[in-house]
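Each remark here refers to the structure printed beneath this line.
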């Protein structure tokens, strides 16, 4: 089958350059390609002509997004219509964040207007929490939580022309190394991305914490499941080789939750002579002095600044030795 995966736009409407790429869709693309399907990812947020904006400027231009939703002649909607005609998909999968809900619905509407026989699937954080928000708005299926096995279930139903289940809640994948590496080449016009944009990675899924502002736990669960270090190092090497990436952003919910693992990871980078800069997401109470020293290099400015602050004062930041 021909399957088009879409990351709807929000920031591009207001002229903001969205760093990185839709990592989750590249995992789905890899799984689908392994099953013999032809896959294309339309990252509607990507536009090299956009620029970085301050939070203030971004908020002041929010009206541009609202206006675009009502303007069928907007260049982004016309761009998507052209992609539909060229690729002519059997299935369209749309990633839905809350801020992009209306944009996702618009994409679905355009898709059905082009060809009503196209099946449309929603996935992502918003529909995992509120699947009914899209089921009555042109969508045929919703995949809640982890999407790799769920999208295959959808394809099987479409292939058999027998709709058994519209809302799918697949079980979590226990061995993450069984998931093929993200298929970055499935991105439309992948050569237009900068190396730094293609440094987005996840080394694990799941987070044991319950931050009220975060939607990761409903998707990935609370138990942390990690890729093997061998798989992670291999993926880093491939990004360097294929896309000249030298700056990586690890977007696990809490990268440093397993403290011994972090030290092992840093040691593997050193052992493999991988000279990169990287950042990660974590919590203050999951960072220690040992962590910060483990990958301290002349280029690691953030690390050195934190260490200097610690040496000057321990009143505001207390780090474990």
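Name the residues in region 11-29 that are part of a helix (DSSP H, G or I) and crowded, with 19+ Cβ neighbours inside 10 Å, would you? Working first, answer last.
Let us first name the residues in region 11-29 that are part of a helix (DSSP H, G or I), namely 12-14, 23-29.
Within region 11-29, 12, 13, 14, 24, 25, 26, 27, 28, 29 meet the criteria.
List the helices (runs of 4 or more DSSP H) inside region 43-133, counting only whole elements, that have at least 3 residues being assigned by TED's automatic domain parsing to the domain that holds residue 161 and touching a strand residue (DSSP E or B) at 6+ places or on another chain (Cβ under 8 Å).
Values: elements: 55-60, 62-69, 75-87, 101-114, 125-129.
Hits in region 43-133: 75-87, 101-114.
Just a yes or no: is a residue in region 191-205 within 30 Å of residue 113 (Cβ to Cβ), modelled with pLDDT of 95 or more and surrounded by 20 or more Cβ atoms within 10 Å (Cβ to Cβ)?
Within region 191-205 (the criterion being within 30 Å of residue 113 (Cβ to Cβ), modelled with pLDDT of 95 or more and surrounded by 20 or more Cβ atoms within 10 Å (Cβ to Cβ)), the answer is no, since none of the residues qualifies.
Has region 155-164 got any residue that is free of Cβ contacts under 8 Å to residues at least 24 places away in the same chain, in a loop (DSSP other than H, G, I, E, B) and in contact with a helix residue (DSSP H, G or I) (Cβ under 8 Å, 6 or more places away or on another chain)? Let's see the steps before the verdict.
Of region 155-164, the ones free of Cβ contacts under 8 Å to residues at least 24 places away in the same chain are 156-157, 160-164.
Those still in the list that are in a loop (DSSP other than H, G, I, E, B) too: 161-164.
Subset that is in contact with a helix residue (DSSP H, G or I) (Cβ under 8 Å, 6 or more places away or on another chain): 163-164.
Within region 155-164 (the criterion being free of Cβ contacts under 8 Å to residues at least 24 places away in the same chain, in a loop (DSSP other than H, G, I, E, B) and in contact with a helix residue (DSSP H, G or I) (Cβ under 8 Å, 6 or more places away or on another chain)), the answer is yes, since at least one residue qualifies.
What's the total number of residues in region 265-299 that are surrounded by 16 or more Cβ atoms within 10 Å (Cβ to Cβ), at pLDDT below 85 and not in a helix (DSSP H, G or I)?
3
The values are calculated or read from the model by the stated rules, or taken from the named source; none is laboratory data. Since the structure is predicted, the reported quantities are computational estimates derived from the model, not experimental observations. Backbone-built Cβ (ideal geometry, glycine too); neighbour counts: all protein chains shown.
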